Amino acid sequence: EAGVVQSPRYKIIEKKQPVAFWCNPISGHNTLYWYLQNLGQGPELLIRYENEEAVDDSQLPKDRFSAERLKGVDSTLKIQPAELGDSAVYLCASSLGQGARNEQFFGPGTRLTVL
Amino acid sequence: AQSVAQPEDQVNVAEGNPLTVKCTYSVSGNPYLFWYVQYPNRGLQFLLKYITGDNLVKGSYGFEAEFNKSQTSFHLKKPSALVSDSALYFCAVRDARGGATNKLIFGTGTLLAVQP
């Protein structure tokens, strides 16, 4: 079974430029998460989708970040414009069902460097 | 509010010795507790979880964890460490009551270094 797929794996951009990350969850997983992981820290949730609906985006900085999950499968996370402080690893995860007891499966992440 | 504490930034252990990675938590309701491992340049991999029932939970790669409600702890253990266990370990907690904004809260991670 294929795991969570993310692309690109690495991205280097100049500040004020836009950037987008793509995620393909495990087949059949209706819950999808985007996390931000700073160096030396644990992941922090940005947004959670149940199918195509964003059910928790309270931690997403909506002035510059946006996300979508059309058709309830793949998802894209966008930053526009990027700032120096956005340099981090962006992780996508998925889980089967929406229960709190279900473990999440993580992709390899996209390492973003903003210069 | 939920929180997780991993009091040790790094744990050093010799290969073949038992290892323990500590985790304490705070949650309003009953906890769902998870351990994940992260190897360099890779995403987090699920190791084990406590939902309910037996306080000793067994997981992948010979790891186990013990849920202690009175001490609000969920320490990760392994009887005999391998060099290949060297990685970053994350404890996480989620409130069992669920809800739209109920989310998984991660600790800051503990780097496990196993010396040959």
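Quick note: the coordinates plus some simple rules give every number you see, no bench work behind them. Everything quoted here is computed from the prediction, not taken from an experiment. Reconstructed Cβ throughout: ideal geometry from the backbone, glycine too, with neighbour counts over all protein chains shown.
The calculated P(r) of chain A, using every Cα pair and 5 Å bins from 0, goes 2, 13, 24, 26, 19, 11, 4, 1, 0 in percent.
Once the convex hull of all Cα atoms in the protein assembly as shown is built, its volume per residue stands at 124 Å³. In chain B, what percentage of the DSSP-assigned beta bridges are antiparallel, given to the nearest 5? The answer is about 85 percent antiparallel.
Shielding value for B:101-109 is 6, the average number of Cβ atoms from other chains within 10 Å of each residue's Cβ.
Of all DSSP-defined beta bridges confined to the protein assembly as shown, some 90% are antiparallel rather than parallel.
Between segment A:42-61 and segment A:65-108, how far is it from one alpha carbon centroid to the other, in angstrom? The distance from the Cα centre of segment A:42-61 to that of segment A:65-108 comes to 7 Å.
Quick one: which of A:LYS16/A:LYS71; A:LYS16/A:LYS78; B:LYS77/B:LYS103 span more than 22 angstrom between C-alpha atoms? Among A:LYS16/A:LYS71; A:LYS16/A:LYS78; B:LYS77/B:LYS103, the Cα-Cα distance tops 22 Å for A:LYS16/A:LYS71; B:LYS77/B:LYS103. Take each residue in A:33-40, count the other chain C-beta atoms within 10 Å of its C-beta, and the mean is 2.
Just want the ordering: A:TYR10, B:TYR89, from fewest to most Cβ atoms lying within 10 Å of their own Cβ.
Details: A:TYR10 12, B:TYR89 24.
By the 10 Å Cβ count, ascending, the order reads A:TYR10, B:TYR89.
How high is the relative contact order of chain A, given as a whole-number percent (alpha carbon pairs under 8 Å, six or more residues apart)? The normalised contact order for chain A reaches 37 percent.
Each of the trypsin sites (Lys or Arg not before Pro) that DSSP puts in a loop and that has at most 15 other Cβ atoms within 10 Å breaks chain A; the longest unbroken stretch is A:17-61.
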